[in-house]
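Novice: The structure is given below, and queries will be raised subsequently.
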Amino acid sequence: MLLRTKSNYLIGGPRPEFGVTAVIGRDVVVAKTLVIVGAGPGLGMGVARAFGRQDFQVGLIARSEDRLAALVDELTGLGITAAAFPADIRDRDALADALARAGEVLGPVDVLEYSPSPTGPITHAAQTTVTSAAAQFELHVLGAVAAVGQVLPQMRARGEGTLLLTTGVSSTIAAPFLANVGLAMAALRNWAHALHAELGPQGIHAATVTIASGVIPGDEVADPDAIGARYYSLYQRPDRAEEVIGDLEAFRALVAERADGHG
């Protein structure tokens, strides 16, 4: 576990403590916690900064301990309390343990954001095999199911919480050149909508974010901070089941162009 805190994290306290933003008189203000599964320097950090600026503590889960250390240091430099919990997302036990440790260190997870980057071969539709489909399903769907399963019981007990599950544009628009990824993404999107319908009456907000663009620093829509702001806006709207970032029609046109042999 890697841990960093801002020096004045506990107002009026003798030392920094996780889980408490301020002590004012007799009132204790408890910080909210965001945990990002699949944290990276692009989208993940955009989300981390957006929530951190709203006084969320941030937990980061990914496989590379060195990369996580750099991300934690970057957040700390911005005055955001952050902790890292290295784990291979494909290892269900390791992922569950990382989320449990995040809860122990930072307090109950208020917002879970799931966004691992696709890894492994990406196959065309007719070349998709059981192996290539299962690899993407393992990462995007079963990983999400494992992560949600770890944090959902406490959310249900509290009667509140947010689950933000990230998918790509192939979850919505069938793209022959992204076939095995699209299989998994479409399943994850479907499950997110089902969770939204089932958990909403229990006070838990489940939603999906469909990324229909690259992550492009400096772009008005696709800059990591612009994307992070959209995630935070979705968090504030528990009635909403989906946020689409990017241009679906532009991607639909690209798919059609490739199908005509021009791509």
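The values are calculated or read from the model by the stated rules, or taken from the named source; none is laboratory data. These numbers were taken from a predicted model, which means no experiment stands behind them. Counting neighbours? That spans all protein chains shown, and the Cβs are built from the backbone with ideal geometry, glycine included. The accessibility values were calculated without ligands, DNA or RNA, using every heavy atom of the protein model including side chains. Shrake-Rupley method; radii C 1.70, N 1.55, O 1.52, S 1.80 Å.
Novice: Anything in the range 208-239 that is in a helix (DSSP H, G or I) and either touching a residue at least 12 places away in the same chain (Cβ under 8 Å) or in contact with a Phe, Trp or Tyr (Cβ under 6 Å, 6 or more places away or on another chain) (or both)? List them, or say none.
Specialist: Correct list: Pro224, Asp225, Ala226, Ile227, Gly228, Ala229, Arg230, Tyr231, Tyr232, Leu234, Tyr235.
Novice: Is it the case that Gly149 is within 23 Å of Pro224 (Cβ to Cβ), exposed (fewer than 15 other Cβ atoms within 10 Å of the Cβ) and either among the small types (Gly, Ala, Ser) or within 18 Å of the chain's Cα centre (by Cα) (or both)?
Specialist: Considered against the rule, which asks whether it is within 23 Å of Pro224 (Cβ to Cβ), exposed (fewer than 15 other Cβ atoms within 10 Å of the Cβ) and either among the small types (Gly, Ala, Ser) or within 18 Å of the chain's Cα centre (by Cα) (or both), Gly149 comes out as no.
Novice: Which one of the conditions (1) surrounded by 14 or more Cβ atoms within 10 Å (Cβ to Cβ); (2) touching a strand residue (DSSP E or B) at 6+ places or on another chain (Cβ under 8 Å); (3) touching a residue at least 40 places away in the same chain (Cβ under 8 Å); (4) over 21 Å from Gly46 (Cβ atoms) does Gly203 fail to meet, given that it meets all the rest?
Specialist: The single condition Gly203 does not satisfy is (1).
Novice: Quick check on the range 130-140. Is at least one of its residues within 29 Å of Ala256 (Cβ to Cβ), open to solvent by 40 Å² or more (accessible area, probe 1.4 Å) and touching a helix residue (DSSP H, G or I) at 6+ places or on another chain (Cβ under 7 Å)?
Specialist: Checked the range 130-140: at least one residue is within 29 Å of Ala256 (Cβ to Cβ), open to solvent by 40 Å² or more (accessible area, probe 1.4 Å) and touching a helix residue (DSSP H, G or I) at 6+ places or on another chain (Cβ under 7 Å).
Novice: Can you confirm whether the range 240-247 contains a residue that is within 19 Å of Arg53 (Cβ to Cβ), out of contact with any Asp or Glu (no Cβ under 8 Å at 6 or more places or on another chain), in contact (Cβ under 8 Å) with a residue 24 or more places away in the chain and open to solvent by less than 40 Å² (accessible area, probe 1.4 Å)?
Specialist: Within the range 240-247, one or more residues are within 19 Å of Arg53 (Cβ to Cβ), out of contact with any Asp or Glu (no Cβ under 8 Å at 6 or more places or on another chain), in contact (Cβ under 8 Å) with a residue 24 or more places away in the chain and open to solvent by less than 40 Å² (accessible area, probe 1.4 Å).
Conditions tested, residue by residue: (1) under 16 Å from the mean Cα position of the chain (by Cα); (2) open to solvent by less than 40 Å² (accessible area, probe 1.4 Å).
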{"site": "Phe177", "(1), (2)": "no, yes"}
{"site": "Gly182", "(1), (2)": "no, yes"}
{"site": "Asn190", "(1), (2)": "no, no"}
{"site": "Ile227", "(1), (2)": "yes, yes"}
{"site": "Ala250", "(1), (2)": "no, no"}
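Novice: Among the residues in the range 120-140, are any under 28 Å from Lys32 (Cβ atoms) and either in contact (Cβ under 8 Å) with a residue 12 or more places away in the chain or of a type in the set (Phe, Trp, Tyr) (or both)?
Specialist: For the range 120-140, residues under 28 Å from Lys32 (Cβ atoms) and either in contact (Cβ under 8 Å) with a residue 12 or more places away in the chain or of a type in the set (Phe, Trp, Tyr) (or both): present.
Novice: Turning to a different aspect of this structure: Quick one: would you say Ala194 is without any contact (Cβ under 8 Å) to a residue 12 or more places away in the chain, surrounded by fewer than 16 Cβ atoms within 10 Å (Cβ to Cβ) and more than 17 Å from the chain's Cα centre (by Cα)?
Specialist: yes
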